[in-house]
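One structure below.
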Amino acid sequence: MRQWQASQGARRAREFEAFVAGAAGRLLHAATLLTAEAPDDNPRARRLLTLSLAHTYACWDRLRGEDPYDRTRQYLATRFARGAWHQYGGFGRARPHPGSPLARLAPQERLILVLRLYEGVAEEQTAALLGLPTERVRAICDRATATLLHPPRNPAPAVGGAKVAPS
């Protein structure tokens, strides 16, 4: 009996290691986009990914034909959403990296944009995952996309208030 359990544990570990080797890069990139951190300095994204992979490993035997990538992505998204809900701005109240193009977006906008455009999740699935109506997901995605495509302009310099240097 112990040999069987040991072989099952070794098989489980090999399968999970193969999954992580294939999916961790893409999942880390998604987590980095969610947290709006710099790709080379992303401790919150790495923590989010680690928590998601630990959750997937804990329920690995119960997946039974379910795609582990989908399960991990779902947990990653819900964990980010829960953290952003309780502490606006993400985990630990850290500010997004100013150089990130997604830094201007609210956490919910980043989450929907990453799920819809980067991960390719359908509107209906995104809405079900977040508990929002499909129309709301579409509106948030459209607004976030418009914000990224058309950044706010810098204010024009004041015409009448310009100071002239004395001669």
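A Förster radius of 25 Å combined with the Cβ-Cβ distance from H29 to R153 puts the calculated FRET efficiency at roughly 0.25.
Could you compute the net charge surrounding Q74? Neighbours are other residues with a C-beta less than 13 Å from the C-beta of Q74; K and R count +1, D and E count -1. All intermediate terms of the calculation are to be shown ahead of the outcome.
Details: positive: R71, R73, R79, R82; negative: E66, D67, D70, E119.
Charge balance in the 13 Å sphere: 0.
For A38, the residues whose amide H sits under 5 Å from its own are H97, ignoring neighbours fewer than 5 places away on the same chain, with H placed 1.01 Å from N. These residues, F16, F80, go from largest to smallest accessible area, 1.4 Å probe, as F16, F80.
Between L63 and A18, what length in nm is gained on full extension when 0.36 nm per residue of separation is reduced by their alpha carbon distance? It would help to have the intermediate numbers written out before the result.
Numbers: separation 45, 0.36 × 45 = 16.20 nm, distance 1.55 nm.
Full-extension gain reported as 14.6 nm.
Spin-label pair R47-R2: with each label point 7 Å from Cα along the Cα-Cβ axis, the two points sit 4.0 nm from one another. A simple packing score, the average count of other Cβ atoms within 10 Å per residue, orders the peptides 46-57, 2-13, 134-145 as 46-57, 134-145, 2-13, with the highest score first. Centre-to-centre, using Cα atoms only, region 105-124 and region 1-27 are separated by 30 Å. Counting charges near T35 (Lys, Arg +1; Asp, Glu -1) among other residues having Cβ under 10 Å from its Cβ returns a value of +3.
For the peptides 18-26, 102-110, the ranking by packing is 102-110, 18-26, with the highest mean count of neighbouring Cβ atoms within 10 Å listed first.
The values are calculated or read from the model by the stated rules, or taken from the named source; none is laboratory data. Everything quoted here is computed from the prediction, not taken from an experiment. Here Cβ is always computed from backbone atoms with ideal geometry, including for glycine, and neighbour counts include all displayed protein chains. Remember, those area values only see protein heavy atoms, side chains included, never the ligands or the DNA or RNA. Shrake-Rupley method; radii C 1.70, N 1.55, O 1.52, S 1.80 Å.
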